[in-house]
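The values are calculated or read from the model by the stated rules, or taken from the named source; none is laboratory data. Fair warning: this is a prediction, and the values are worked out from it, not measured in the lab. Glycine also receives a Cβ, built like all others from the backbone with ideal geometry; neighbour counts cover every protein chain displayed.
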Amino acid sequence: MSTSDALQCALDKIDQANRNDPNRETVEGESLPREYAYSLHMTRWLHALESAPSERMQIACRAQHIERWTLARGDYPEGRKGYYEWRQACGRMHGQRASEVMADCGYPQDECERVETILTKRKLREDEDTQLLEDVACMVFLERYFAGFFEDNPDYDREKWLRIVRRTWGKMTPRGHEAALKLAEGMPAHLLALLQEALAEPEG
């Protein structure tokens, strides 16, 4: 199997898995399985940020949330500690599933392990591929989910929202910041104001 065939095999298997998501998201008037839709957003932003992304990055971005609905947030304790336990468990699961898919499609073990490391984000800040994945994920959040997240959490006070924005910003590279500022120009006024306030004064 050639390299290009292996990539297509992996992307197809990830898409097939994510199309089983029972949850739905509307994209340009079409109802899609939520994690399948998310994977397409990730792929689109990857190519927007990186003109010629590697095969492993194409796979990692497509598998960022592979079968996430099978690992429910409600199975973990409430609060920040429980949330991070869930997120870490998700990363391990996504990395393992992506590695299994790649092995099935003929990728060598070292490439499978590389993508697993990227998806677990164990080397964020140290690894360019892991940081690129984080930039892509932050752009997808800001574009597709920030507004809904804001509306779904009316009990959050202003300071909490400022912390969320600053922490999201802090995860990104200058390349991600540039893309996010361009994206922000089209945000609703209240979200743009929140972003501007968060960036005007760093968290103390």
Among the residues of region 92-134, which ones are among the hydroxyl-bearing types (Ser, Thr, Tyr) and surrounded by 22 or more Cβ atoms within 10 Å (Cβ to Cβ)? SER99, TYR107
Report, ordered by the first and then the second residue, all pairs with beta carbons closer than 6 Å, sequence separation of six or more or different chains, a first member in region 106-119 that is without any contact (Cβ under 8 Å) to a residue 40 or more places away in the chain, and a second member that is assigned to a helix (DSSP H, G or I). CYS112/SER99; CYS112/MET102; CYS112/ALA103; GLU116/GLY95; GLU116/SER99
I'd like the full set of residues that are assigned to a helix (DSSP H, G or I), of a type outside the set (Phe, Trp, Tyr) and within 23 Å of the chain's Cα centre (by Cα), limited to region 159-171. LYS160, LEU162, ARG163, ILE164, VAL165, ARG166, ARG167, THR168, GLY170
Which residues, counting only those in region 12-53, are touching a Ser or Thr at 6+ places or on another chain (Cβ under 8 Å) and aliphatic (A, V, I, L, M)? ILE14, LEU32
Just to check your reading of the model, which residue among VAL115, VAL136 is aliphatic (A, V, I, L, M), touching a Lys or Arg at 6+ places or on another chain (Cβ under 6 Å) and not in a loop (DSSP other than H, G, I, E, B)? VAL115
Within region 75-101, track down each residue that is closer than 19 Å to GLU55 by Cα and in contact (Cβ under 8 Å) with a residue 24 or more places away in the chain. HIS94, GLY95, ARG97, ALA98, VAL101
Answer yes if at least one residue in region 172-183 is outside any helix (DSSP H, G or I), farther than 14 Å from GLU50 by Cβ, touching a residue at least 40 places away in the same chain (Cβ under 8 Å) and in contact with a helix residue (DSSP H, G or I) (Cβ under 7 Å, 6 or more places away or on another chain), and no otherwise. no
Please go through region 102-157 and give me each residue that is modelled with pLDDT under 95 and farther than 24 Å from TYR36 by Cα, ordered by number. ARG122, LYS123, LEU124, ARG125, GLU126, ASP127, GLU128, ASN153, PRO154, ASP155, TYR156, ASP157
Name the residues in region 27-69 that are under 14 Å from ILE14 (Cβ atoms) and either out of contact with any helix residue (DSSP H, G or I) (no Cβ under 8 Å at 6 or more places or on another chain) or part of a loop (DSSP other than H, G, I, E, B) (or both), would you? ALA37, LEU40, ALA63, GLN64, HIS65, ILE66, GLU67
The one condition in (1) surrounded by 16 or more Cβ atoms within 10 Å (Cβ to Cβ); (2) not in a loop (DSSP other than H, G, I, E, B) that MET187 fails to fulfil: (2)
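To keep it simple, each residue is scored yes or no on (1) of a type outside the set (A, V, I, L, M); (2) surrounded by 16 or more Cβ atoms within 10 Å (Cβ to Cβ); (3) in contact with a strand residue (DSSP E or B) (Cβ under 9 Å, 6 or more places away or on another chain).
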{"residue": "TYR76", "(1), (2), (3)": "yes, yes, no"}
{"residue": "GLY79", "(1), (2), (3)": "yes, no, no"}
{"residue": "TRP86", "(1), (2), (3)": "yes, yes, no"}
{"residue": "VAL136", "(1), (2), (3)": "no, yes, no"}
{"residue": "ASP155", "(1), (2), (3)": "yes, no, no"}
Lone qualifier among TYR156, TYR107 - being closer than 30 Å to SER4 by Cβ, of a type in the set (Ser, Thr, Tyr), out of contact with any Leu (no Cβ under 7 Å at 6 or more places or on another chain) and not in a helix (DSSP H, G or I): TYR107
